[in-house]
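Please treat every number below as a calculation from the coordinates, not as lab data. Since the model is a prediction, treat every value here as computed from it, not as a measurement. Cβ: placed from backbone, ideal geometry, glycine included. Neighbour counts: every protein chain shown.
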Amino acid sequence: MATLIDIQNLAKSYTRGKQKVEVLHHVDLTIAEGDFLALMGPSGSGKTTLLNLIGGLDAPSAGSISVGGQRIDQLGGGALAKWRASNVGFIFQFYNLMPMLSAQRNVELPLLLTKLSAAQRKKNASIALQLVGLADRASHKPSELSGGQQQRVAIARAIVSDPALLVCDEPTGDLDRQSAEDVLGLLQQLNRDHGKTIVMVTHDPKAAEYASHTLHLDKGALVEQGAFA
Amino acid sequence: MKYLHLIWAALFRRKTRTVLTLVSIIAAFLLFGMLDAVRTAFDSGSQGIVGVDRLVTSSRYSIIQPLPESLGARIATIPGVRDVGHANWFGGIYQDPKNFVFSYAVSPNYLDLYPEIHLSAEQRKAFDGNRTGAVIGDKLAQKYGWKVGDKIPLQSTIFPLKNGSKTWTFDIEGIYTVDKDAANGLDQLFMLHWKYFDEANAFGNGTVGWYVDRLTDPALGDRVAHAIDALSANSDHETKTQTEQAFSASFAKQLGDIGLIVGSIMGAVFFTLILLTANTMAQAVRERTSELAVLKTIGFSSRSVLALVLAESVLLLLIGGVIGLGLAAVLAPAIGKGSGGMINLPPVGAGSWAMGVGLMVLIGLVVGALPAWRAMRLNIVDALAGR
Ligand SMILES: Nc1ncnc2c1ncn2[C@@H]1O[C@H](COP(=O)(O)OP(=O)(O)OP(=O)(O)O)[C@@H](O)[C@H]1O
Ligand SMILES: [Mg+2]
């Protein structure tokens, strides 16, 4: 399968006051189109940092990231925002929905950045909500939905503009078993039936089982799976 | 426009706080509407270019001191004087002391001196032909519902009739209109014949209150004024002649102070408003940090996030401001009515609206600037991690 994400010699460090913290070093990673990758590792190992770099939310200190042939580490802020809008869907642990907007309006949000008409936006958002099984909750505010439902709305929002890549940071971290399984099943379905490439950070080995394979991060570096066995 | 629901939702995220802020914006602009209307009304009374060709000759010492009627003929002979008329203060009360009617007893040619007054030829003729006739401004007619043909009893505050009664009765023979740029109050005058006034008045002795001298050329003003005053120099009725403009200018000086007072009050009010609203906006944006980060994550550019926050604060000001000015527009006439015309607040004019809306946008931008800047600079990764 073709490569979607190609990461070479990636490093990321933060300077806190005078101190320089190297969070990621020498990360080499390729992710194929249509892959469902789980990223695991202890707290503070740099999982979120790596995910943010892949999703174009942050810029690396060194190395290169290309997604779909595009060197996103070389894009400026404005261009990167545009790139995110059409290429990546984000799913967070705490859903991060707009509390004042209905599920429908939340899902429509990314479409405001497109040239679609109001009617088209509405229609596409409805389709996305249908896909996550929440068509009947379109007018509900996030506070009127369960955690699992909120996360599914967030998934609908992530896929509504049809990006090739979904990045998920502990998407089930705040959910009970049943809701977590629903969400993971949904992600699996999006991967299998809709060809979405998914990179998912998780602490839960059960969640990782839904992915096609798992990588481990420790102290800012990728480690062979065998090292943990 | 497609972002309006977003801005609206953000605005009413904390209803109580937004409503309280709105109330103070409404109050500020209500005050602004009323005060600015007062200011503009005063200003317009002193700004017109009408009347540049008129001089006013009054007693040098006091407006109350009368001048001899014979002076008029002598003023008329001075080169540069086109026409001379005169008037006396009558000061009428209609039924109740609070219904004060500005009334002048005027010479037959008085209306000719004011081309900004428009009276139909028939009404003018009827007025001229009726000793006890009167003509009134349309605003005054409106105020009391007076019509041509009405007999109006006016009590003079000063002048009794020869029979001792203070109640004079006049026949309304005409109702005039005035040009838009005419001096303030001209459309509220009540004019009666000086001749009747002088003859019927127990104190009548052929004196006039002041002369109005119309010039052939406004440029001659100073020279003519000197010449007129020279006529009565060293007499027992020395005069002071001023252009209507000079008269207005000295008047405007006091009004300048009104402008200053209004300006200071509004300055203080808006300063407080800015502090208050800026605080609201700063708080509103701070507590939405993660939401703004999500917008940016989704692909909203930094600049559109800046615009969203600015739009939010401008909208807040516009909602409150328009309600406030609207209330002022409604309340001003209501106060006038409620007080029976004692307090006459002018309506909120287009100028006040334009300036008000300008202020709303300006204050909105000022107040939103810092939070908007912060939102624009927001680092997504830090904001998402709650740092
Ligand atoms: N903006 C930053 N400034 C300074 N240090 C940072 C910053 N972002 C991350 N770090 C540090 O980098 C390290 C890795 O952080 P990261 O959030 O990637 O870990 P993680 O693997 O996602 O952990 P967790 O499982 O707890 O979410 C941590 O030690 C963190 O304190
Ligand atoms: Mg993390």
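The table below gives the values:
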quantity	calculated
Within 10 Å of each Cβ in B:288-298, the average number of Cβ atoms from other chains	6
Dipole-positive endmost among B:F90, B:L67, B:T177 within the stretch B:48-242 (Cβ charges, Cα centre)	B:F90
Shape parameters for chain B, alpha-carbon atoms, Rg then Dmax in Å	29.7, 96
Sequence of A:D204, B:D236 once ranked by neighbouring C-beta atoms within 10 Å, starting from the fewest	B:D236, A:D204
The stretch B:1-155: equivalent-ellipsoid semi-axes (sqrt of 5 x gyration tensor eigenvalues, Cα, Å)	50, 21, 17
Burial order of peptide ranges A:114-123, A:214-223 (average beta-carbon count within 10 Å, highest first)	A:214-223, A:114-123
Over chain A: helical MRE at 222 nm, DSSP H runs n ≥ 4 each giving -39500 (n - 2.57), nearest 500	-9500 deg cm²/dmol
For the stretch B:48-242, with +1 on Lys and Arg beta carbons and -1 on Asp and Glu, the positive-most of B:Y211, B:G164, B:L140 along the dipole	B:G164
Over the stretch B:48-242, relative contact order from alpha-carbon pairs under 8 Å, at least 6 apart, %	37 percent
Neighbouring partner chain Cβ atoms per residue of B:376-384, average, 10 Å criterion	3
Charge context of A:S139, other residues only, Cβ under 13 angstrom, K/R +1, D/E -1	+1
Cα-based shape type of the stretch A:30-79, given that a ≥ b ≥ c are square roots of the gyration tensor eigenvalues and the cut on a/c is 1.5	oblate
The stretch A:1-137 - percent relative contact order, Cα under 8 Å, separation 6 or more	20 percent
Cα-centred dipole magnitude for chain B, charges only on beta-carbon of K, R (+1) and D, E (-1), debye, nearest 20	2080 debye
On Cα atoms only, tilt of B:15-44 relative to the major axis of chain B in degrees	20 degrees
Computed [θ] at 222 nm, helices only, for chain B once each DSSP H run of length n ≥ 4 contributes -39500 (n - 2.57)	-17500 deg cm²/dmol
Whole-number percent relative contact order across chain B, with pairs defined as alpha carbons under 8 Å at least 6 apart	27 percent
Neighbourhood net charge (15 Å Cβ-Cβ; Lys/Arg +1, Asp/Glu -1) for A:P42	-1
Karplus-derived 3J(HN,Hα), 6.51/-1.76/1.60, for each residue of the stretch B:185-200, Hz, glycine and proline x	x, 4, 7, 10, 7, 10, 10, 10, 6, 5, 4, 4, 4, 5, 6, 7
Sorted by Cβ density within 10 Å, fewest first, the residues B:M355, B:M1	B:M1, B:M355
Ascending count of other beta-carbon atoms within 10 Å, so fewest first, for B:W168, B:W8	B:W8, B:W168
Over the protein assembly as shown: Kirkwood hydrodynamic radius from C-alpha pairwise inverse distances, Å	31.1 Å
Mean shadow area of the stretch A:117-229, taken as a quarter of the surface of its Cα convex hull (nm²)	8.5 nm²
Size of electric dipole in the stretch A:84-229: Cβ of Lys, Arg +1 and of Asp, Glu -1, about Cα centre, debye, nearest 20	760 debye
Cβ-based net charge around A:L80, under 12 Å, with every Lys or Arg adding one and every Asp or Glu removing one	+2
For the stretch B:48-242, alpha-carbon Rg and Dmax in angstrom	16.7, 48
Isotropically averaged projected area of the stretch A:59-98, using the convex hull of Cα atoms (one quarter of hull area), nm²	3.9 nm²
